[in-house]
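**Student:** Right, I'll just put the structure down here and ask away after.
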Amino acid sequence: MTALGFLYPGHSAEDDYPRIEQLLGSDIRVDLVHTDIGEDAHRVDALLEMGSPDRLAAGVQELRHAGAEAVVWACTSGSFVHGWEGAHEQVRTLARAAGMPASSTSFAFVHAVQELDLRRVAVGATYPEDVASLFADFLGAAGIEVTGVRSSGIITAAEVGTWGEAEVFALARAADAPDAQAVLLPDTALHTAAHITALEKELGKPVLTANQVTVWEALRLADRRVNAPGLGALFTREPIVQV
């Protein structure tokens, strides 16, 4: 059994995680601890506070007791808003507090893009435009070309969590561009786990979503590879292994 730990801010799309656990179809356990979200706002000052060391450290003891082998800060905006160097310092601090390998959803996107050998991506963001542009800057710092950013201008994670299939598909279609090799949907408050394969079929390219890449990143940290076609192209890089 491989136990994966996640620090998830508040309550929006956390039900993606047990769904992903089921789709993995292997000896993987997903443990989720909810962190104090503070002010629910896609605003730079609120996001910086949301991902502060004290808020993240508060959840790690429970994950240690659960036997987690790695921990991922399951929040994209609460990591990339710190910038490239600041986001590195955030996960270093989290790793020290947790006593285990750590990462964040922002780095999960970078590593997933690299895993699929992609160079150009389109971004469909639920965030306001200024916050969405910071994600594009973060990807750019990793050497990833962003062909365009589609912003939805939503302020709260609570509102994003109410979006259903129609809104998710509309965002992905609006973000897609012919020269983009993949479409990225970077909000862990967005329910996407049930739609990834259908999105990829419609767009004809990989679709990377926040909760999907977050779990993949935790598996990477734990040195596990799982073939799970129901989670899209990112999870079909390895041959099927019976466990």
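The values are calculated or read from the model by the stated rules, or taken from the named source; none is laboratory data. Computed from a prediction, not measured in an experiment: that's the story for all the values here. A quick note on method: Cβ atoms are made from the backbone with ideal geometry, for glycine too, and the neighbour counts reach across all protein chains shown. Surface accessibility is based on the protein's heavy atoms, side chains included, excluding ligands, DNA and RNA. Shrake-Rupley method; radii C 1.70, N 1.55, O 1.52, S 1.80 Å.
**Student:** Based on this model, can you work out whether Thr105 counts as of a type in the set (Val, Ile, Thr), under 14 Å from the mean Cα position of the chain (by Cα) and farther than 19 Å from Leu63 by Cα?
**Tutor:** Values: of a type in the set (Val, Ile, Thr): yes; under 14 Å from the mean Cα position of the chain (by Cα): yes; farther than 19 Å from Leu63 by Cα: no.
It is false that Thr105 is of a type in the set (Val, Ile, Thr), under 14 Å from the mean Cα position of the chain (by Cα) and farther than 19 Å from Leu63 by Cα.
**Student:** Please find, among Ala98, Ala108, Ala102, Ala112, the residue that is in contact with a Gly (Cβ under 8 Å, 6 or more places away or on another chain) and under 30 Å from His65 (Cα atoms). Steps first, answer last, please.
**Tutor:** Details: Ala108 fails: in contact with a Gly (Cβ under 8 Å, 6 or more places away or on another chain); Ala102 fails: in contact with a Gly (Cβ under 8 Å, 6 or more places away or on another chain); Ala112 fails: in contact with a Gly (Cβ under 8 Å, 6 or more places away or on another chain).
After ruling out the rest, the residue left standing is Ala98.
**Student:** For the condition modelled with pLDDT of 95 or more and not polar (S, T, N, Q), what is the one hit in Ala46, Ala112?
**Tutor:** Ala112
**Student:** Only residues that are under 16 Å from Val72 (Cα atoms), open to solvent by 10 Å² or more (accessible area, probe 1.4 Å) and not β-branched (Val, Ile, Thr): list them for the stretch 11-49, please.
**Tutor:** Residues satisfying the conditions are Glu14, Pro18, Glu21, Arg29, Asp31, Leu32, His34, Asp36.
**Student:** Please verify whether Pro53 is closer than 13 Å to Ala218 by Cβ, open to solvent by 40 Å² or more (accessible area, probe 1.4 Å) and of a type outside the set (S, T, N, Q), treating the condition exactly as stated.
**Tutor:** no
**Student:** Across the stretch 190-224, what is the number of residues that are open to solvent by 40 Å² or more (accessible area, probe 1.4 Å), more than 24 Å from Pro101 (Cα to Cα) and not in a loop (DSSP other than H, G, I, E, B)?
**Tutor:** The qualifying residues number 4.
**Student:** Checking the structure you have, find out if any residue of the stretch 77-94 is polar (S, T, N, Q), touching a residue at least 60 places away in the same chain (Cβ under 8 Å) and open to solvent by less than 40 Å² (accessible area, probe 1.4 Å). If you could, list the steps in order and put the result at the bottom.
**Tutor:** First, pick out the residues of the stretch 77-94 that are polar (S, T, N, Q): 77, 79, 90, 93.
Narrowing further to those that are touching a residue at least 60 places away in the same chain (Cβ under 8 Å): 77.
After this cut, where a residue has to be open to solvent by less than 40 Å² (accessible area, probe 1.4 Å) as well, the list is 77.
For the stretch 77-94, residues polar (S, T, N, Q), touching a residue at least 60 places away in the same chain (Cβ under 8 Å) and open to solvent by less than 40 Å² (accessible area, probe 1.4 Å): present.
**Student:** Now for a different question. Are there any pairs with C-beta distances below 9 angstrom linking a residue in the stretch 1-22 that is over 14 Å from Ala194 (Cβ atoms) to a residue that is in a strand (DSSP E or B) and among the acidic types (Asp, Glu), with the two at least 6 apart or on different chains, and if so which?
**Tutor:** That search, which allows pairs on different chains as well, returns Ala3/Asp31; Leu4/Asp31; Gly5/Asp31; Phe6/Asp31.
**Student:** Within the stretch 156-188, track down each residue that is more than 17 Å from His11 (Cβ to Cβ) and among the aromatic types (Phe, Trp, Tyr).
**Tutor:** Once the filter is applied, which keeps residues that are more than 17 Å from His11 (Cβ to Cβ) and among the aromatic types (Phe, Trp, Tyr), the stretch 156-188 yields only Phe169.
**Student:** From the list Gly86, Gly59, pick out the single residue that is modelled with pLDDT of 95 or more and either under 29 Å from Trp163 (Cβ atoms) or in a loop (DSSP other than H, G, I, E, B) (or both).
**Tutor:** Only one candidate passes the filter, namely Gly86.
**Student:** Go through (1) surrounded by fewer than 16 Cβ atoms within 10 Å (Cβ to Cβ); (2) in contact with a helix residue (DSSP H, G or I) (Cβ under 8 Å, 6 or more places away or on another chain) one by one and return the number of the condition Met1 breaks.
**Tutor:** (2)
**Student:** Quick one: Pro128 ticks every box in (1) modelled with pLDDT under 95; (2) under 21 Å from Ala218 (Cβ atoms) except a single one, so which number is it?
**Tutor:** Result: Pro128 fails condition (2) only.
**Student:** Take the residues of the stretch 170-186 that are of a type outside the set (A, V, I, L, M) and under 15 Å from Val146 (Cα atoms): which is surrounded by the fewest Cβ atoms within 10 Å (Cβ to Cβ)?
**Tutor:** The residue in question is Pro178.
**Student:** When you look at Val30, is it in contact with a helix residue (DSSP H, G or I) (Cβ under 6 Å, 6 or more places away or on another chain), aliphatic (A, V, I, L, M), part of a strand (DSSP E or B) and at pLDDT 90 or above, yes or no?
**Tutor:** The answer is yes for Val30.
Table: residues versus (1) modelled with pLDDT under 95; (2) part of a strand (DSSP E or B); (3) open to solvent by less than 30 Å² (accessible area, probe 1.4 Å).
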position: Ser133; (1), (2), (3): no, no, no
position: Leu139; (1), (2), (3): no, no, yes
position: Val146; (1), (2), (3): no, yes, no
position: Arg150; (1), (2), (3): no, yes, no
position: Ala158; (1), (2), (3): yes, no, no
position: Glu167; (1), (2), (3): no, no, no
